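Participant: If you scroll down you'll find the structure; I have some questions about it.
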Amino acid sequence: MHFRPPATSFSLYTILARHFSSATKLPKLPNLSKIPSKYKPQAINQAQKALTDYLHATRSLPYLYAEQISKNSLFSLSDAVSKVKFSPVTFSKSFERFLSLGKLYREEILIFGKDPVELSRKLNGFKEYGFSNVTVIGICLVFPYVLGEKLELGNEIDALFGDLRKVFIDFDLVSCVEGNVDAWVEVCRKIRVFYDLGCEKGKMGELMGRRKIVFLRYPEEVLVKKAEFFSRLSVSKSDVGLLLLEKSKILDFDLEDRVISVSGFLKNLGMSENELKSIAEEYPYALGRNKMANLPFVMRALDLHEWFFTKMKVGNHCLFGTYTIGNPSEDLDKDYNSRLDSIQSSKTTVHTLRKLDFLHSIGFGENNMTMKVLANSHGTSTELQERFDCLLRAGIQFSKLCKMVRLSPKILNQNPQSLEWKIKFLCEEIGSSLQYLDLFPAYLCYDLEKRIKPRYRFHTWLTEKGWSAKTYSLASMIATSEKSFLARISGIHPAAPKLWFDFISNQNCSNDWQGCELGNNVESLGRK
């Protein structure tokens, strides 16, 4: 059942319909690659009928206006069709469900209760910037908040229109765009990509105008993918937006399919031999070959993400775009390839290769160390990613976390909640910092309730009672075998093993040793 907007929404749609119908030229039908050719006309016709019925029956728009909108918005309509799973039998119903809430109605519902005279005044006010009807409608569909009543957005709206006027009018983008709503929606959506990245409204007009080719040549999908690629470097997203505008040649680069040699790539960007040697000593697991698509996380694994991004900003992006592997055997690891052959002939090929892809995606290269980590990592690739992300959210630096995984791969075998509890205990009760995990990453592999808590608390109690004059490291408390642990505490005090066994068998003993029965009996045990 559809929610029916107020009756005054009729006037808003009347206004929009007038602007839609003013399109002077229809765009070429976009390629709907997921729909078989023989069904494409059927899909478009069904979508047009569904849109017409939707606007007429559900949104109270006169049939004539509804039909004009559906016929004069082929580009936007085709874009919507591409988002709906196609089946010759069910497409019509599927597309009707897709239309259950329009963009304007979803994002700015209050405008449907506005006085139509006021809406007309506002739309005409936008035209005073020098924009045509179709340009104004394109802007309103992509930035629907400009039609709202949010007073706090007044300055932001003025800043937006200031930018758009400079780009469209001062830099004459208007002469390069077809005179129809779909074309302007497409341009405005590309501009919105940069605002969504955090670029400041009111300060982008000049740069966008000088780089107007970005909004004419490249599809929105390319802008989004390139922005996502560089955002994975963990740098400011607004800086990513500025980079794509200022160094727009980057938009032509293949950032997905190319294979790189990590050391060769760094050398190509100007890293010296001594610097490369230092990198190889500290981060050997990140070297070897990898996919260009994984480069941002490779750089983070090497703690070079800021260095790399700066290289891009100062003009070395051309070196980035022209890099190729020198020869077919460059940076090939024979042990890695041998193990890869074994995986491809195993019964769990798909499962194991997905885990291997995960390791490459976080910066591990095609080398034997990566294969050793793979052998000790259990779970699906999705589970490994969730555990890795959990540790990142806890505040562990990306490059340090990769080192931890290299030293103790089994930390990725722990479930996320368990990892969170162990980190909380480390920081809150033990009073240590996350930096301690750099030295003892295996801490995360031990059982919290059966190993970490009892041993730490027992050692703490022995020290507080004055029985242990020596301070032991957390690693020595936890990583020691049970036999060695008992031998140690026996050396601290003859009664200690007895207390230890009583403690671990008493599930209700409080965290405060002085408050439990064992604590009350300690004096008598100590005198025996």
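The values are calculated or read from the model by the stated rules, or taken from the named source; none is laboratory data. Not measured: the values here are computed from a predicted model. Note that we place each Cβ from the backbone using ideal geometry, even for glycine, and neighbour counts take in every protein chain shown. Each accessible area value is taken on the protein alone, full model and side chains, heavy atoms only, with ligands, DNA and RNA left out. Shrake-Rupley method; radii C 1.70, N 1.55, O 1.52, S 1.80 Å.
Participant: Give me the net charge of ASN368's neighbourhood, meaning all other residues with Cβ under 14 Å from the Cβ of ASN368; Lys, Arg count +1, Asp, Glu -1. The partial results should precede the final answer.
Facilitator: Values: positive: ARG289, LYS334, ARG339, LYS372, ARG406; negative: ASP331, ASP333, ASP335, ASP341, GLU366.
That sum, taken over residues with Cβ under 14 Å, equals 0.
Participant: Ignoring ligands, DNA and RNA, please state the percent of accessible area on region 333-435 from carbon and sulfur, probe 1.4 Å.
Facilitator: Numbers: 2360 of 5060 Å².
Answer for region 333-435 is 47 percent, counting heavy atoms of protein chains only.
Participant: Please give the charge dipole size of region 333-435, origin at the Cα centre, charges +1 on K and R Cβ atoms and -1 on D and E Cβ atoms. Round to the nearest 20 debye. The partial results should precede the final answer.
Facilitator: On the way: 14 positive and 11 negative charges, 35 e Å.
Once rounded to the nearest 20, the dipole reads 160 debye.
Participant: When ligands, DNA and RNA are left out and all protein chains stay put, how many square angstrom of accessible area per residue does region 333-435 have with a 1.4 Å probe?
Facilitator: Numbers: 5060 Å² over 103 residues.
The answer is 49 Å² per residue.
Participant: Which of rounded, prolate, oblate describes region 293-446, given a ≥ b ≥ c as roots of the alpha-carbon gyration tensor eigenvalues and a/c under 1.5 marking rounded, otherwise prolate only if a/b is larger than b/c? All intermediate terms of the calculation are to be shown ahead of the outcome.
Facilitator: On the way: a/c = 2.42, a/b = 1.25, b/c = 1.93.
Oblate shape, in that a/c is at least 1.5 and b/c is the bigger or equal ratio.
Participant: Over 24 Å between Cα atoms, which of LYS34/LYS225; LYS40/LYS249; LYS249/LYS403; LYS453/LYS498; LYS237/LYS311 qualify?
Facilitator: Distance filter (> 24 Å) returns LYS40/LYS249; LYS249/LYS403.
Participant: Work through the residues other than LYS127 whose Cβ is under 12 Å from its Cβ and net out their charges, Lys, Arg +1 and Asp, Glu -1. Please report the intermediate quantities before stating the final value.
Facilitator: On the way: positive: ARG121, LYS122, ARG165; negative: GLU128.
That sum, taken over residues with Cβ under 12 Å, equals +2.
Participant: Is there a pair in LYS291/LYS347; LYS190/LYS226; LYS166/LYS313 whose C-alpha atoms are over 18 Å apart, and which pairs would that be?
Facilitator: On the way: LYS291/LYS347 25 Å; LYS190/LYS226 13 Å; LYS166/LYS313 25 Å.
Going by Cα-Cα distance, LYS291/LYS347; LYS166/LYS313 fall outside the 18 Å limit.
Participant: Lys and Arg at +1, Asp and Glu at -1: add these up for the other residues within a Cβ distance under 12 Å of PRO441 and post the number.
Facilitator: Numbers: positive: LYS400, LYS403, ARG406, LYS410, LYS422; negative: ASP438.
Counting the neighbours of PRO441, the net charge comes to +4.
Participant: Could you state how much accessible area ASP172 has, in square angstrom rounded to the nearest 10, with a 1.4 Å probe and all protein chains kept in place?
Facilitator: 70
Participant: Using R₀ = 51 Å, calculate the FRET efficiency as 1/(1 + (r/R₀)^6) where r is the Cβ-Cβ separation of SER94 and LEU486; round to 0.05. List each step's numbers first, then the result.
Facilitator: Numbers: r = 67 Å, r/R0 = 1.32.
Given R0 = 51 Å and the Cβ-Cβ separation, E is 0.15.
Participant: Can you give the charge dipole size of region 167-263 about its Cα centre, rounded to the nearest 20 debye, using +1 on the beta carbon of Lys and Arg and -1 on the beta carbon of Asp and Glu? Don't skip to the answer; put the middle values down first.
Facilitator: Numbers: 16 positive and 17 negative charges, 58 e Å.
With Lys and Arg at +1 and Asp and Glu at -1, about 280 debye.
Participant: Taking a probe of 1.4 Å, how large is the accessible area per residue of region 220-322, in Å²? Walk me through the numbers on the way to the answer.
Facilitator: Details: 4400 Å² over 103 residues.
Computed with neighbouring chains in place, this is 43 Å² per residue.
Participant: Please find the FRET efficiency linking LYS424 to SER231, where r is the Cβ-Cβ separation and R0 is fixed at 30 Å, and quote it to the nearest 0.05.
Facilitator: Working: r = 29 Å, r/R0 = 0.98.
It comes to 0.55.
Participant: Please list HIS360, HIS56, HIS378 from largest to smallest accessible area, probe radius 1.4 Å, with all protein chains kept in place.
Facilitator: HIS378, HIS56, HIS360
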